[in-house]
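Down below is the structure, laid out as structure tokens.
The values are calculated or read from the model by the stated rules, or taken from the named source; none is laboratory data. Everything numeric here is computed off the predicted structure, so don't read it as measured data. Because the Cβ atoms are built from the backbone with ideal geometry, glycine has one as well, and the counts that use them run over all protein chains shown. Just so you know, the surface numbers come from the protein's heavy atoms only, side chains and all, with ligands and any DNA or RNA stripped out. Shrake-Rupley method; radii C 1.70, N 1.55, O 1.52, S 1.80 Å.
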Amino acid sequence: MGEADTGTGWTWADDLALILSFAARRRVGAEGLDEEAAAGSDDDAAPVLIEADDLGEFVRSAADALAASGREEVLRRALAFMRPVPGETIERSFLALFSALESTLTFARGDDEYEIIPREEFASLERELKSWLKRQPALAEDAERRALMYEKTRELNRLPFSRVFERFCERRGVELSDLWPLVGRLDEWPLLEIRHRLVHGDPLARRPDHALECAAQHLRWTTERMLLAVLGWPVERSNVSPERLASTREEYQRWPAERACLEGESA
């Protein structure tokens, strides 16, 4: 890591604080970078992600991955969203974690991976599609409704979120089958559906808080495994491995029952 990013004032200490915050599962500032602050304290609700014995090696691995990425700002954004905020509501925490996950996907994929067919080919297809829509009886005399549909046509050439996520896991070797599913049928309440509900104003107030808290915990573990893969660190050497979770977190295997609590009303 260099002294600072050109023109931003961002220093190596800021990067180190982000990495240590991620490893510690708590906020570590640029002024408090000692091992005790990074490792957490005995009364923390959750164990640290990376144990003290591995911390130095992890920091070097993560710093090297960040420096070599060429997309440092995107990865920094993902790490920043992972930092817990004292007193934050479970809804805001869930959305922050999802923002970290989306930033991780953005970091890992090339610009062309948003598209199903090359942009130049789709431009021709889009013109034909708009011409076809204009000829439809329901739209022929209604320019406003046509314009609304025209705004959606470019989305047809974007890979679905579920496909981008699955491709990331395949390429990076990220195993998530033991956790609350991120994508899937809406009536099975994947984490993505909970995110959509929260973004569109559903506070999920009619459903038990413990179910949403369990979902948020599984979202954190999902995102942590993804970020560990990006940072070049084996999940087996962390507290988010299946073995560690099974022995330390009772909500790890409770997610099917908690998900069932959300199914009282169709998704």
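Within segment 185-202, one or more residues are assigned to a loop (DSSP other than H, G, I, E, B), at pLDDT 90 or above and surrounded by fewer than 19 Cβ atoms within 10 Å (Cβ to Cβ). Being without any contact (Cβ under 8 Å) to a residue 40 or more places away in the chain and among the charged types (D, E, K, R) holds for only one residue in GLU188, GLU213, GLU170, GLU193, and it is GLU170. Of all residues in segment 173-184, those satisfying the criterion of being without any contact (Cβ under 8 Å) to a residue 40 or more places away in the chain and touching a helix residue (DSSP H, G or I) at 6+ places or on another chain (Cβ under 9 Å) are PRO181, VAL183, GLY184. Surrounded by 13 or more Cβ atoms within 10 Å (Cβ to Cβ) and part of a helix (DSSP H, G or I), is that true of ARG207? Considered against the rule, which asks whether it is surrounded by 13 or more Cβ atoms within 10 Å (Cβ to Cβ) and part of a helix (DSSP H, G or I), ARG207 comes out as no.
With the structure loaded, tell me whether SER177 is among the small types (Gly, Ala, Ser) and at pLDDT 95 or above or whether it fails that test. Answer is yes for this residue. Restricted to segment 230-262, and to residues there that are open to solvent by less than 30 Å² (accessible area, probe 1.4 Å) and among the small types (Gly, Ala, Ser), the residue that is farthest from PRO181 (Cα to Cα) is SER238. Among GLU166, GLU121, GLU102, GLU170, which is exposed (fewer than 11 other Cβ atoms within 10 Å of the Cβ) and not polar (S, T, N, Q)? The conditions single out GLU170.
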